[in-house]
Amino acid sequence: MDLPRNDLSMIHRFVPGGADGAAPLLLLHGTGGDENDLLPLGGLLSPGAALVSPRGRVLENGMPRFFRRLAEGVFDEDDVRRRALELGDFVTEAREHHGLDRPIAVGFSNGANIAAALMMLAPDALAGAILIRAMVPLAEPPEFDLSAKPVLLLSGGMDPIVPAENAARLARQLQAGGAALTHETLPTGHGLGQMDLTIAREWLAASFG
Ligand code: MLT
């Protein structure tokens, strides 16, 4: 596999797609992760899909993130807005540079939160999204129209970071914005596991296959 690239506005890894034309995946890591983390997940979710995996540009005690937070679960919403739009610009650049269709975001934790914010602020940027352990990124998002784009929200019923009420609020926000939302709450905590992979793979095949 090639080395991390810094020829676009975000450091990223790119894995070219195979011949079958599967929608590209935009992989967005969690706090303290990087552009390498979700490449194996992307390959398992949609074998042969092109993978674009940027590294978050914010550092919290040396840990990469996609936007600033003031405390756990308390976000700097001005930074969320700015960074989500920057990510949207990166998606446009990556699509032009690598010749890609509109991607489906696959985000975990902080990466899922920036993907949700991107859907709210630039609803055309993505073809859909898989949001694993996401929470509300913007308390009062603007009105947005996702025009029935498929979104899968996978929450953890025992997640110590994302209260059930918060995940439910995010689900309502996405539905109010016209997403074709599937929300499942798994008997697990904040970590990503085999159940996420199984459900996400089936959902991807049913929604985009
Ligand atoms: C965040 O964006 O801060 C997440 O909800 C939690 C985390 O990334 O640790």
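Write down the accessible area per residue of the chain in Å², having rolled a 1.4 Å probe over the full set of protein chains.
43 Å²
Would you work out what percent of the accessible area of the range 11-66, with all protein chains in place, is carbon or sulfur (probe 1.4 Å)?
Accessible surface attributable to carbon and sulfur in the range 11-66 totals 55 percent.
For the chain, what value does the Rg/Rh ratio take when both radii are computed over Cα atoms and Rh is the Kirkwood radius, given to two decimals?
Rounded to two decimals, Rg over Rh is 0.92.
Would you calculate a helix-derived [θ] at 222 nm for the chain, using -39,500 (n - 2.57) for each DSSP H run of n ≥ 4 and dividing by the full residue count, to the nearest 500?
Calculated at 222 nm, the ellipticity per residue is -10500 deg cm²/dmol.
When the dipole is taken about the Cα centre of the range 121-209, and only Lys, Arg (+1) and Asp, Glu (-1) are charged at their Cβ, what size is it in debye, to the nearest 20?
It comes to approximately 140 debye.
Filter the GluC sites (Glu not before Pro) in the range 60-111 down to the DSSP loop ones having no more than 14 other Cβ atoms within 10 Å, then list what survives.
Sparse-neighbourhood loop GluC sites (Glu not before Pro): Glu72.
Treating only the Cβ of Lys, Arg, Asp and Glu as charged (+1, +1, -1, -1), what charge dipole size does the range 85-160 show about its Cα centre? Round to the nearest 20 debye.
Roughly 300 debye for the range 85-160.
Leaving out ligands, DNA and RNA but keeping every protein chain, what accessible area does Val58 have, in Å² rounded to the nearest 10, with a 1.4 Å probe?
Result for Val58: roughly 10 Å² accessible.
Under the rule of at least 5 residues apart or a separate chain, name every residue whose amide H is placed under 5 Å from the amide H of Leu153.
Result for Leu153 returns Leu131, Thr182, His183, Glu184.
With just the Cα atoms defining each centre, how far is the range 66-93 from the range 95-162? Give it in Å.
Comparing the Cα centres of the range 66-93 and the range 95-162, I get a distance of 12 Å.
Would you list Ser109, Ser207 from the most to the least accessible area, probe 1.4 Å?
Most to least solvent-accessible, the answer reads Ser207, Ser109.
What number, in percent, do you get for the relative contact order of the chain if the mean sequence gap of Cα pairs under 8 Å and at least 6 apart is divided by its residue count?
Relative CO of the chain lands at 17 percent.
Could you grab the Rg to Rh ratio for the range 143-196? Cα atoms only, Kirkwood for Rh.
Dividing the radius of gyration by the Kirkwood radius yields 1.02.
Could you check the simple spin-label distance between Glu96 and Met195, using points 7 Å along Cα→Cβ, in nm with one decimal?
Here the answer is 4.3 nm between the modelled labels.
The values are calculated or read from the model by the stated rules, or taken from the named source; none is laboratory data. Being a predicted model, the structure only gives us computed values, none of them experimental. Cβ sites come from the backbone with ideal geometry, for glycine too, and all protein chains shown count toward neighbours. When the accessible area is computed, the model is the full protein with side chains, heavy atoms only, and any ligands, DNA or RNA have been set aside. Shrake-Rupley method; radii C 1.70, N 1.55, O 1.52, S 1.80 Å.
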